[in-house]
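I have placed the structure first, in the form of C-alpha cells, so that the comments after it can refer back to it.
The values are calculated or read from the model by the stated rules, or taken from the named source; none is laboratory data. No experiment lies behind these values; they were computed from the predicted model shown. With ideal geometry, Cβ positions are generated from the backbone for all residues, glycine too; neighbour counts draw on all protein chains shown.
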Amino acid sequence: MYRSNRRLASGLVSTILALALLFSCAAQSAVAVSDKAFSRQYGEEIWEGKSWMSWLGSYRASAAMGTTYAWCVQGGATVPTSAGKSQVLHSPRISFALERWSGMNYGSYSKDATHAALSYLVHSKQDVSGSNASKYEANTRPAIKAIAAGMWVKADAYYGPYTATGTLSRNADGNTVTLSGVGVKGAKGTFVPDFRVTVTLSGPATFGNGSKTKSFTSTASASSFPGITLSGPGTVKAEISVTGLPSAYLTQWSGDDNTFGAAGSVQDMATVNRVDVSTTASLAVSPAVPSITTTASAIVDNGSVLTHTDAVTIDAASRFAGQKVKLTAFLRYHGTTWPSPVSVSSASSIPGTAAAPAQTTTVTLNSSGNATWYPSVTSSRIPGAYTWVVANDAALGGLLGASITDYGIPAETRSWANPLIVTGASTSTPNAANQVVVTDQITGSGFAPGTTVTLRARLYQHPDGAALPGENGQPTIPAGATQVGAEIVSTPVANAAGNVTATVNRTVTQRAVDTSYTWVVSADAISGQLPGGFRSNYGIWKETVLVRAVSPGSPLVRTVASATALEPGATVSDTFTITRQNADFADYPLAITSTLWHLSEEPVWNGDITAQPGTVDQVSSVQLAPIASMNPLPFDVADQHPHTLPADPALAGGWWVYTYCYAATGHWADGTPPNDRILGYDGYCDTTVYEVETVAIQWNPVVTTTASPAIAAAGSVGDTVADRVEVEGGKPHSTVMVLLRAYEPVGAQPAIRTLTNAGRPEVVHSEQVQVQLNAAGRGGAAADGFEATSPGYYPWTEILIDADAGTAGIGLESDYGIVSELALIKFQPAVTTMASHQVATEGALLTDQFTVTGLPANTTVTVTHTGYCSSVEPALSSSIPSWARAAGTVTSTVTSDAAGNVGTRVSPHIIAPGDCEYFTWTESIPGGAFHESWQSDYGISTEVTGIVSVTTTANPYAQIGTTTYDVATVTGPVPAGSVLYFDYYRQSDSDDPANDELLGSLGPVAVTGPGDYTSPTITVGDTTGHEYFRERLYIPTPEGIIDTDAPPFITGQPRLPDETTTIVDVSSTATKTAKLGEKFTDTVHLDVPADLPGGSTIAWEVWDQTGEKDAVRVEHGYQGDTLLRQVDGIDASASGDVVSPKISVASETTVYWVEALYVPGRTAPIAVGGHRVRAETTRITDTPDIVDETEPDLPETGATVTLLGLLGMALIIVGGVIVILRRETRATA
C-alpha cells in the first residue's frame, strides 16, 4: 500500500513536473538574447582559496556608453546587466592611467597583465566598497602590483587638468619665427608625453615644407619649431590643439539597480572621459623699412647731352644679408627754379617731368645688409634743376618693406645752367662804292626753353698801326678804338632745345689803309640762368675782320671752298672771285698760289693759319694758271686746286683749309726808294682761316659692342653680363666716352628696333666706358658688367656721349636687339605642380598636374616625374632623403609656345602602392642649349599624397548571447574630422556575399589620426555561424562636412578572415546522480560552425552548491557556493559531445559543472557555461536510486518561480518533497 501510494504520488509529481518543465522551457525560450552592458575582456581571475574568486581586469562596455573599456569600482558584486544612471567621479590620476594603458601593453607585459594592473589600481585607490578591497590587495599577484606601482608613479606625474602651451617669437634673421614651448602640461606643470598635438598656422607663415599644419606626438619636454618661414608682414597665429586627453573626472555607472556605492546590489562601473585642449599663440610681424641715402653727382655737359649720375646706398638690417632688392631711380626735371622737398607715395605721384627713362637694377645686400648702386642717364641740354627719386621694391614677401625717397632732396638735386654764347664775324665783298658789310652771327645755347635773351652788339674800328690782342682778345676797350654806329639790340627767344640765334650787320667803307674791325657782344643777366650776364672780350679773333684798303691798281681776291662739309674720299676744290680794280691783267696776268692745309683741331675763325691749335699740316700748294681776263666786273675762277681726301675716316677727319697768295708784278723804275713800281700791282697773301674756306670732315666713329655671354655660349644666373666696346674711324690719339645700357631680360630673341622713350624697356645696368684711340682711330674697352639675377636675353645699346670736336654721332643710340649685342643667360625652367590627390588609397591612379615656367620660346623639354614613398611626413628638402623609396617614374614631353608658355598638363599615372603612407612627387628637367637643368625640392606640400589604409581585426570568437567588436587600424595621414562606420553581417550559406544579412551598423567613430579605433560592441546572433565586419571610412569634404550619402573613401571587403567573428556555443549534461565515492562525468555539447584551431580544449570547474537557495549572483557564481575542483582540459576542436574526466566526491552534496572552451593564444575562454544549471548538476548521495533528502533550493527567479508554484501544488497532493534544478540563462563572464 505504501509503495503503491508512493508510486502514485511519484507519477502525479512526475506529471506536474513535466508540465512545469514545459512551462519553464517555454518561458526561457521566449527570453531575448542577453544584452548585458558589461562583459569581461582582458585580465585574470583572482582567488582566495576556493571560497572567493573575482575578476581583475577590464570589461567591454556596451555601445550606448560611447567607450570601449569599463572598470569595476565595487569588487565582488554582481556584474550589472545595464549601465544604469551615471555621475561624475573626480579621479584624475586613475583617469590618466586608464586612458594611457587601456588596450595597450605596459612595457613588455601582456595585455591581460596590463589590464589586471589597471583594475588593481582602481580597486586599491577608488573602490567604493571597502568589503572586498582588502581581498583584491591580498590576492593580487606581486607582479601585477609591481606593474600598478609603476603606472601610479607616471599617473601622479602626468595627471590633469591639462593646458596646451606654445609661444611665437621672431628670430634674429627677421625672416623666420620660432614656435617654442609646444606641448601639453599636466596639473603639476610638467610636459605630458604621448598625446596627439596639432599645430595650425594662420597668417603670413608656413612650416618649412610649405604646409600650414603639423601634427606630432607630445613628449616629456617642450617641442620647438624654429624654421617657420614668414611670407610677409601681418599677424601670425599658431593654434596648438591636443586631443584625446583624459578628463579629471571618470563617469561612474550605477548599473541596473540604479544605486551607487556599497548599498547597491550590483557593481558600480567606471569609464574614461576624454577632453581636448587648445591655445593660440600670436605674433605681430611688421616689415623692416630700409634706409636709402642718395647723393647726386655734378651734371656733366658732354656737348650734345647732359650726363647725370647718382649714388644710391641702401642700408638694411644685417639679417637681410644676401637678399636681393630691386631699386628704381627716376630723374626728374624741375625747371629753372630750385625745388622744395615733397613727400612721394608712389612712382606715379613723383612731381616734375621725366628727364630720362627710369633705371632699374637688382642689388645683393652684403653681410652688413648694405649695397650701393650708381645709376647714370643722359638728357637733353636743358638748363634748370634736376632731382633724383629712388624707390625700392618690397623684398622677402614684404618683410623688407617698400619705400620711396622724397622729391627735391637737396643732396639729390643738381642744376645745370651753362648758357654759351658763340659769335663769328665775316665780311662781304666791297661794292662799287667801296662799302663792306661786317656781319656777326650770334648763337646761344643752354637756355631754358622759352627764355627771352637780350643781346647787345657793338662794332669797333681798331686803331691804325696797333697790334691786335691774342686769340681770346682782352676784356677792355683799348685807347683809340672807335665804336662804329650805335649799339644793336636783339631779343631772340630760346627754342625747345634752349638755343637762340641773332645776326647783326654794320656797313663800313674801305679806307686808304687796311683796317681791322671787331665785335663786342653782351647779354643781359637772366636769373637762374645767366645771373651775371655776359660780355665778350675785345679783339677775339673770331670776332675780328680785316677790311682791305682801297687800292685801285690792285686786284681784290675772295675765295670759297667747294663745300663746308664732305665725306671721306670726296674731292675738294676752291673757287676764286676776282675783282680786277683797274689792274692790268693783260700785261700783268694774276698769278695765284693756292695752299691746302689739314688741321686736327677746330679752327679759330679769322685767325692766322700759323696760330691755329693742334696739328697744322700743309697738304699741297699749287700755282693756278695765270689769269689775264680784263673783265671789269667780278668774275669766278672755279674748281681750282682740287684734292681727293683720304677714304679712311680716321685720316680724312679734321678741317681742310685753303689760303692763297698772289705775286707782285709790274715794271720798276730806278730811284728812291729803289725798285719803285711805276706799272703793275703789289703782291698779297691772305693766310687768315675763314669758315667759308674750310671744309670740315667729321670723324664718324663706328661703335660696335659684343655682349657676353653670347647666345652661342649662354651663361647661367649668377654669371657676369658684360659688353665689350670696339671703336673704328675715330679721331686718332683721342679719347671717346661710350654709355652702355643693358635692358631687362626678355624671354625670346627680340626683333631689332629703334628705341624711343615711350617704348623703352627698363634699364637694369648702365655704365660709361672710356676708349683710347690709336693712330688709326681704333680702340676698344670692356665694361665691368653686372651679375645676372634672372634668365633671358639681355639686350645692350650704346651711345657715344663724348668725343673731341669734329666727331659725328654723339648722342645717337644704337638699335635695340642687334644679335651681337645680346647676352644670353640660360633660362631657368621650373615646374609648378599639384598632386592629383591630397589623400588616396592603395591602387589609386596618382598623377601630377603641372606646368612648366621659365622656358624660352618654342622649346621642347622632357619632365621626369618620380614618386617616392615614405612612412613619415616629408619635410622640405633640396635632396631626396636616403629613407625615401622610389615608387615609380613617368615622363612628360612639352613644348613652349612663342611666348614661352606651356599651359597646364597632366603626367602619366603611377599606381599608389600599398606599403606607402606618404607618396611624394618630384620633378626634374635636363639642361639644354638655352635652358638650365632643374630639380624640384622634395617634400613640397602640394606634391604630397597621403596614402590612407584601414585594416581591421574583429574579435575572432563570441558565444551566443554575448557581444563582439572590431578594431580598425588606420594608417597614413587620414584627414582630421574623418569618421568610421562598422557594418556587421551574418554570413549566409551562399557563395555570394550579396546574400549576407546586415545585422547592424555601428558608428560613427571619430578618427583623429593614424591609430587603432575600436567599434562599439554589438550582440552576436542567436545561432552559431560566421559573422563579419566591414568598415566604411568617410573623410570630410573641402567644406568640412561628412557626407554619408556619397561613396565612402574606403570600404572594407566582405568575409575577410581577420574581420570575422565565429559564433560558438557550449552546453552540457552532467550525471544526474552519483553514488558517494563513485566516479561521475559531464558531457559537453560543443556547437561550432567550423573546426577550431588544433589545441583547443574544454575545461571544467566543479562547484559545491553550498550557498543559500536565495543566494545573490556575484561576479563569479552565487554567493556561498564553493569551488570544489578544477578539471583539466580535453582537446575539442569540432562540434560534438566531449566527456569530462571522471571525478568522485567523498561527501553527500549537490555539485554543478561549469564548462569553458579555450583556443590557443587566448587566456580567456571563448565560451562558458552557466552556474547552477539543472542539466549540469549532479546529486551525490549514498542512495542514488532514491533521492528523498531535501536539496538546496534554486534562486527564485524567472521560470523557477512558476515552476516552484506548480511543484508546490504537486507537493500538496503527494505530501512529499522534490528538488528542482534549472539551467540559468547564460551571461558572458
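What are the residues in segment 453-485 that are of a type in the set (Val, Ile, Thr) and either buried (at least 18 other Cβ atoms within 10 Å of the Cβ) or under 17 Å from residue 605 (Cβ atoms) (or both), if any?
Residue satisfying the conditions is 453 alone.
Quick one: in segment 747-787, of everything that is in a loop (DSSP other than H, G, I, E, B), hydrophobic (A, V, I, L, M, F, W, C) and modelled with pLDDT under 90, which residue is nearest to residue 705 (Cα to Cα)? Lay out the reasoning, then the answer.
First, pick out the residues of segment 747-787 that are in a loop (DSSP other than H, G, I, E, B): 747-752, 754-756, 760-762, 773-778, 783-785.
When the remaining residues are screened for being hydrophobic (A, V, I, L, M, F, W, C), the result is 748, 751-752, 755, 773, 775-776, 783.
Filter once more, keeping what is modelled with pLDDT under 90: 748, 755.
Working: 748: 20, 755: 17 Å.
For segment 747-787, the residue satisfying everything is 755.
For segment 823-832, name all the residues that are crowded, with 22+ Cβ neighbours inside 10 Å and assigned to a strand (DSSP E or B).
To start, the set of residues in segment 823-832 that are crowded, with 22+ Cβ neighbours inside 10 Å comprises 823-827, 829, 831.
823, 824, 825, 827, 831 - these are the residues of segment 823-832 that are crowded, with 22+ Cβ neighbours inside 10 Å and assigned to a strand (DSSP E or B).
What is the residue count in segment 297-328 for residues that are part of a strand (DSSP E or B), more than 17 Å from residue 357 (Cβ to Cβ) and not charged (D, E, K, R)?
Here the count works out to 5.
Which residue is surrounded by the fewest Cβ atoms within 10 Å (Cβ to Cβ), if the candidates are limited to segment 934-978 and must be in a loop (DSSP other than H, G, I, E, B), among the hydrophobic types (A, V, I, L, M, F, W, C) and in contact with an Asp or Glu (Cβ under 9 Å, 6 or more places away or on another chain)?
Looking only at segment 934-978, we keep the residues that are in a loop (DSSP other than H, G, I, E, B), and these are 936-937, 939-940, 948, 955-956, 960-962, 965, 972-977.
This time we only want the ones that are among the hydrophobic types (A, V, I, L, M, F, W, C), so: 940, 948, 960, 974, 976.
Then keep just the ones that are in contact with an Asp or Glu (Cβ under 9 Å, 6 or more places away or on another chain); that gives 948, 960.
Working: 948: 24, 960: 21.
Per the criteria, the residue is 960.
Please indicate, with yes or no, whether at least one residue in segment 253-262 is of a type in the set (Gly, Ala, Ser), under 30 Å from residue 210 (Cα atoms), in contact with a strand residue (DSSP E or B) (Cβ under 7 Å, 6 or more places away or on another chain) and surrounded by 19 or more Cβ atoms within 10 Å (Cβ to Cβ).
Within segment 253-262, none of the residues are of a type in the set (Gly, Ala, Ser), under 30 Å from residue 210 (Cα atoms), in contact with a strand residue (DSSP E or B) (Cβ under 7 Å, 6 or more places away or on another chain) and surrounded by 19 or more Cβ atoms within 10 Å (Cβ to Cβ).
Taking the criterion of being under 33 Å from the mean Cα position of the chain (by Cα), outside any strand (DSSP E or B) and aromatic (Phe, Trp, Tyr), would at least one residue in segment 179-199 satisfy it?
Yes, segment 179-199 contains a residue that is under 33 Å from the mean Cα position of the chain (by Cα), outside any strand (DSSP E or B) and aromatic (Phe, Trp, Tyr).
Between a first residue in segment 511-523 that is more than 18 Å from residue 478 (Cα to Cα) and a second residue that is of a type in the set (Lys, Arg), which pairs have beta carbons less than 6 Å apart while being 6 or more apart in sequence or on different chains?
Pairs that qualify, where the first residue is more than 18 Å from residue 478 (Cα to Cα) and the partner is of a type in the set (Lys, Arg), are 514/548.
Please verify whether residue 837 is under 24 Å from the mean Cα position of the chain (by Cα) and surrounded by fewer than 20 Cβ atoms within 10 Å (Cβ to Cβ), treating the condition exactly as stated.
Details: under 24 Å from the mean Cα position of the chain (by Cα): yes; surrounded by fewer than 20 Cβ atoms within 10 Å (Cβ to Cβ): yes.
Spelling it out, residue 837 is indeed under 24 Å from the mean Cα position of the chain (by Cα) and surrounded by fewer than 20 Cβ atoms within 10 Å (Cβ to Cβ).
Against the condition closer than 27 Å to residue 510 by Cα and in contact with a strand residue (DSSP E or B) (Cβ under 7 Å, 6 or more places away or on another chain), how does residue 440 come out, does it pass?
Against the criterion (closer than 27 Å to residue 510 by Cα and in contact with a strand residue (DSSP E or B) (Cβ under 7 Å, 6 or more places away or on another chain)), residue 440 qualifies.
Look through 361, 336, 307 and report the one residue that is touching a strand residue (DSSP E or B) at 6+ places or on another chain (Cβ under 6 Å) and either surrounded by fewer than 17 Cβ atoms within 10 Å (Cβ to Cβ) or farther than 23 Å from residue 497 by Cβ (or both). Explain how you work it out, then say what you get.
Details: 336 fails: either surrounded by fewer than 17 Cβ atoms within 10 Å (Cβ to Cβ) or farther than 23 Å from residue 497 by Cβ (or both); 307 fails: either surrounded by fewer than 17 Cβ atoms within 10 Å (Cβ to Cβ) or farther than 23 Å from residue 497 by Cβ (or both).
After ruling out the rest, the residue left standing is 361.
Yes or no: residue 405 within 26 Å of residue 812 (Cβ to Cβ), of a type outside the set (A, V, I, L, M) and either modelled with pLDDT under 90 or not assigned by TED's automatic domain parsing to the domain that holds residue 175 (or both)? Outline the logic, then answer.
Details: within 26 Å of residue 812 (Cβ to Cβ): no; of a type outside the set (A, V, I, L, M): yes; either modelled with pLDDT under 90 or not assigned by TED's automatic domain parsing to the domain that holds residue 175 (or both): yes.
In short, no.
For segment 690-722, what are the residues that are polar (S, T, N, Q), surrounded by fewer than 17 Cβ atoms within 10 Å (Cβ to Cβ) and outside any strand (DSSP E or B)?
Correct list: 716 only.
Per-residue answers, yes or no, for (1) under 60 Å from the mean Cα position of the chain (by Cα); (2) among the aromatic types (Phe, Trp, Tyr); (3) surrounded by fewer than 20 Cβ atoms within 10 Å (Cβ to Cβ):
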position	(1), (2), (3)
499	yes, no, yes
514	no, no, yes
522	no, no, yes
525	no, no, yes
530	yes, no, no
540	no, no, no
543	no, no, no
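Of everything in segment 231-277, what is of a type in the set (A, V, I, L, M), part of a loop (DSSP other than H, G, I, E, B) and touching a helix residue (DSSP H, G or I) at 6+ places or on another chain (Cβ under 6 Å)? Give them in sequence order.
248, 272
Tell me, which residue of segment 871-892 that is polar (S, T, N, Q) and not in a loop (DSSP other than H, G, I, E, B) is surrounded by the most Cβ atoms within 10 Å (Cβ to Cβ)? Even if it seems obvious, please write down each step before you answer.
To start, the set of residues in segment 871-892 that are polar (S, T, N, Q) comprises 871, 877-879, 882, 889, 891-892.
Right, trim to not in a loop (DSSP other than H, G, I, E, B) and you get 877, 889, 891-892.
Numbers: 877: 14, 889: 13, 891: 12, 892: 19.
Once the filter is applied, the top-ranked residue is 892.
Between 591, 586, which is within 14 Å of residue 666 (Cβ to Cβ), over 60 Å from the mean Cα position of the chain (by Cα), modelled with pLDDT of 90 or more and surrounded by fewer than 16 Cβ atoms within 10 Å (Cβ to Cβ)?
586
Scan segment 332-340 and tell me whether some residue there is farther than 23 Å from residue 743 by Cβ and touching an Asp or Glu at 6+ places or on another chain (Cβ under 8 Å).
No, segment 332-340 contains no residue that is farther than 23 Å from residue 743 by Cβ and touching an Asp or Glu at 6+ places or on another chain (Cβ under 8 Å).
Report whether or not residue 942 is more than 30 Å from residue 1064 (Cβ to Cβ), modelled with pLDDT of 95 or more, hydroxyl-bearing (Ser, Thr, Tyr) and in contact with a Gly (Cβ under 9 Å, 6 or more places away or on another chain).
Judged against the criteria, residue 942 is not a match.
Conditions first: (1) in contact with a strand residue (DSSP E or B) (Cβ under 8 Å, 6 or more places away or on another chain); (2) not assigned by TED's automatic domain parsing to the domain that holds residue 516. Residue 410 passes all but one, so which condition is the exception?
Unmet condition: (1).
For residue 1147, are the conditions met, namely being among the hydroxyl-bearing types (Ser, Thr, Tyr) and in contact with an Asp or Glu (Cβ under 6 Å, 6 or more places away or on another chain)?
The answer is no for residue 1147.
Just one of 905, 885 is outside the structural domain of residue 978 (by TED's automatic domain parsing) and farther than 28 Å from residue 716 by Cβ; which is it?
After applying the criteria, what remains is 885.
Collect the residues in segment 864-882 that are more than 16 Å from residue 846 (Cα to Cα) and either among the small types (Gly, Ala, Ser) or at pLDDT 90 or above (or both), keeping them in residue-number order.
Hits for segment 864-882 are 871, 874, 875, 877, 878, 879, 880, 881, 882.
For segment 207-230, which positions are in contact with a helix residue (DSSP H, G or I) (Cβ under 8 Å, 6 or more places away or on another chain) and crowded, with 17+ Cβ neighbours inside 10 Å?
Result: 209, 211, 230.
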